[in-house]
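Q: Take this structure first; my questions come after.
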Amino acid sequence: MKFQDRAEAGQRLAAALQRFAADHPLILGLPRGGVVVGAEVARALQCDCDVLLVKKLRAPGNPELALGAICEGGKAFVNEEVRELAVATQEYLDDEIRARLADIAEQRRVYRKVKNYISPTDRVAILVDDGLATGATMIAAVQATTLSRPRQLIVAVPVSPPDTEAKLEAMPQVSEVVCLDTPSWFQGVGQFYEDFRQVSDEEVIRILESSR
């Protein structure tokens, strides 16, 4: 399965999530690409949309490889297996966590001026990204959202490797994983998009403004 762009992926994902529309869910998009996908889902389901601030912890010498992730509240998830393979010391990890928290603080400063935080407490919360690779960022997002005690927590993505989908499904906090495609041959999320250009903060801000 291949998507033209994130907007099309969101529209196709929305069709698979239509059964949740009556619950008036809260769509939480992971920045930045997940916000574009999530906005299309929220538009189709006619429900609330917000951004969930979470950052990938980058491996030394390979910023595309995720050691784990850190969320807005400071809670970190570290994949110890990947960390060991990447030879990431505790000192490196501490520095990376501080750097990513600084990035989150800047995003919060920019995004929250446009739209106030929407609490997922007692709501059906649907976490959306443009795709999963290792799943580290989404796992941190699940852990962060669980602290707010949503009534139900759904993970929804256009594409994921089978083992990553299984990893999310095995999390007791996750009620369901909705994924359109789980290809066995998986090199990266971008291979499943014709247009996978980087999403800017300005685009996220426009989406948040239009969803107020």
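Here, each number is a calculation from the coordinates, and none is a lab measurement. What you are looking at is a predicted structure, and each value in this text was computed from that prediction instead of being measured.
Q: So what is the diffusion coefficient of the chain in µm² per second by Stokes-Einstein at 10 °C and 1.306 mPa s, using a Kirkwood Rh over Cα pairs?
A: Estimated diffusion coefficient is 93 µm²/s.
Q: Per-residue HN-Hα couplings for the stretch 105-119, Karplus 6.51 cos²θ - 1.76 cosθ + 1.60 at θ = phi - 60°, whole Hz, x for Gly and Pro?
A: 4, 5, 4, 4, 4, 6, 6, 6, 6, 8, 8, 6, 4, 10, 6
Q: Provide Rg and Dmax in Å for the stretch 63-155, with only Cα atoms included in the calculation.
A: 14.4, 41
Q: Would you compute, from DSSP H runs of 4+ residues alone, the mean residue ellipticity of the chain at 222 nm, taking -39500 (n - 2.57) per run and dividing by the full residue count, rounded to the nearest 500?
A: It comes out at -12000 deg cm²/dmol, rounded to the nearest 500.
Q: Also, quick follow-up: Run the Debye formula on the Cα coordinates of the stretch 56-110, all scatterers equal and no solvent, and tell me log10 I(q)/I(0) at q = 0.23, 0.26 1/Å.
A: Taken in order of the listed q values, log10 I(q)/I(0) reads -0.83, -1.01.
Q: Roughly how many whole Å is it from the C-alpha centroid of the stretch 109-163 to that of the stretch 178-210?
A: A separation of 15 Å, based on Cα centres.
Q: Just want to confirm a number: the relative contact order over the stretch 88-212, from Cα pairs under 8 angstrom separated by 6+ residues, in percent.
A: Reported as a whole number, the value is 23 percent.
Q: Expressed as a rounded percentage, what relative contact order does the chain have, with Cα pairs under 8 Å and six or more residues apart?
A: Relative contact order here is 25 percent.
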